[in-house]
Amino acid sequence: MENNKKGFVATVFAKTSILMARSSLTRNNIFELASILGISRILHRTPVIFTHNETYEAMLERVNDTIPGLLDQYLIIKETVPEVARDEDFNLKCCIFENPNVLMEITDKFLHLTGLYYQSYKYFPAMQEELQNYLRRSSNNFSNLPKSTGKTFINCVHIRRGDFFDVGFHVADADFIKKAMNYIERRESRPNQKMVFIMFGDDLQFMKELFTDSIVSNEYTNHSNSIHFISQNSATEELVYSKNHCDTVFISAAHSTFGWWMGYFSKGNRVYFSDIRVTNDSVYKTGDLNPDDYYLPNWIPIEYNKEMMIVESTK
């Protein structure tokens, strides 16, 4: 990205621009914005958002609450998409990478990509540290949760249930989650650090029932002796917590985009995930998700073996 925005406007801005597509959830918006930014750099175009209705305004407000630095990379225009914009079908399947170089020969001033979600890290390679730095600075010092220190190793577990049952996305059951946590504890054990697990998710009762000693964050004190905790912070705060304190992340619901971003932003960049290839996830089954495009190559897929124990999957 050009550091001098005036120079950037003069050299690239007047030449071309890219319009973004629309999705409804903040974590999907982050995928779109990060991907379109990466694509724009490949094509030497300027990423633009046209905010011509309340839907776009609300989307921008949600994203700004979480990752304002990413929005700063965009030109935001309060107008409708220009009639002269060229609509181009690109990335029609949510989670399969398409090479942006196929768009290089398009010379139209305005290029409007009409794809879906752009959920592939390959659109924004080598941008992990940059995107981490775009997260909102939180005033929360997380006094309601343990912190990653030289004496405490934090394993973050994201659990998504809720509407995933309705849309056919993979949802891990209690047995798999508990065994996965045991597997991670054995694999990541440090001789001089206490292993602690923080659970994040949309089903508080389910998380409470996983471990009888679990402590909900709003009941936490520094004298808590448990190793199991449940976060009740906001979504933005949880991403910031991951950046500063998650030494590992386990994405239990294979296609959770919030879990994905928790892993991507995490302090330790040590991410485990339920291997979607051995699930009945609807998006994977219909061929709309390529695991090699969706999950980073250093992330670790896990599954049951024949004895119903957790093992690392073969890639």
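For residue 194 and residue 174, FRET efficiency with R0 = 22 Å and r from the beta-carbon atoms, rounded to 0.05?
The pair residue 174/residue 194 has a calculated efficiency of 0.40.
What does the charge dipole of the chain about its Cα centre add up to, to the nearest 20 debye, if the Cβ of each Lys and Arg holds +1 and the Cβ of each Asp and Glu holds -1?
Working: 33 positive and 39 negative charges, 206 e Å.
The calculation lands at about 1000 debye.
Provide the per-residue ³J(HN,Hα) series for region 119-126, in order, calculated from phi with Karplus coefficients 6.51, -1.76, 1.60 and θ = phi - 60°, each as a whole number of Hz, with x at glycine and proline positions.
Running phi through 6.51 cos²θ - 1.76 cosθ + 1.60 with θ = phi - 60° gives 8, 8, 5, 5, 6, 9, x, 6 Hz.
How are the C-alpha pair distances of the chain spread across 20 Å bins, as whole percents from the shortest bin up?
So the P(r) values, bin by bin, are 31, 54, 14, 0.
Residues with amide H under 5 Å of residue 281's amide H, sequence separation 5 or more or different chain, H placed in the peptide plane at 1.01 Å from N; which?
Here the answer is 170, since their amide H atoms fall under 5 Å of that of residue 281.
Find how many whole Å separate the alpha carbon centroid of region 73-97 from the alpha carbon centroid of region 231-284.
Here the answer is 27 Å between Cα centres.
From the Cα trace of region 193-315, what convex hull volume per residue do you get, rounded to a whole Å³? Let's see the in-between values first.
Details: hull volume 17.1 nm³, N = 123.
So the per-residue hull volume is 139 Å³.
In nm, to one decimal, how far is the modelled label at residue 89 from the one at residue 204, with both set 7 Å along Cα→Cβ?
Each label point lies 7 Å from its Cα, and together they span 4.6 nm.
Each residue of region 50-60 in turn: what ³J(HN,Hα) in whole Hz from Karplus with 6.51, -1.76, 1.60 and θ = phi - 60°, glycine and Pro shown as x?
With coefficients 6.51, -1.76 and 1.60, one gets 9, 9, 9, 8, 5, 4, 5, 4, 5, 4, 5 Hz.
Name all residues of region 65-99 having a backbone nitrogen under 19 Å from the label point set 7 Å from the Cα of residue 126 along its Cα→Cβ direction, giving them as ranges.
98-99
To the nearest 500 deg cm²/dmol, what mean residue ellipticity at 222 nm is calculated for the chain from DSSP H runs of n ≥ 4 alone, each contributing -39,500 (n - 2.57), summed and divided by the residues?
-8500 deg cm²/dmol
Compute and list, largest first, the equivalent-ellipsoid semi-axes of region 25-69 from the alpha carbon gyration tensor, each √(5λ) rounded to a whole angstrom.
Output for region 25-69: semi-axes of 19, 13, 8 Å.
For residue 277 paired with residue 141, estimate the spin-label separation in nm (one decimal), with each label point 7 Å from Cα along the Cα-to-Cβ line.
Result for the modelled spin labels: 4.7 nm.
Rounding to the nearest 20 debye, state how big the charge dipole of region 160-315 is about its Cα centre with +1 on each Lys and Arg Cβ and -1 on each Asp and Glu Cβ.
Dipole of region 160-315, to the nearest 20 debye: 540 debye.
Relative contact order of the chain: what whole-number percent is it, with Cα pairs under 8 angstrom and at least 6 residues apart?
Answer for the chain is 17 percent.
Read-outs: derived from the displayed coordinates by stated rules, not from any lab. The model shown is predicted, which means the values in this text are computed figures rather than measured ones. A quick note on method: Cβ atoms are made from the backbone with ideal geometry, for glycine too, and the neighbour counts reach across all protein chains shown.
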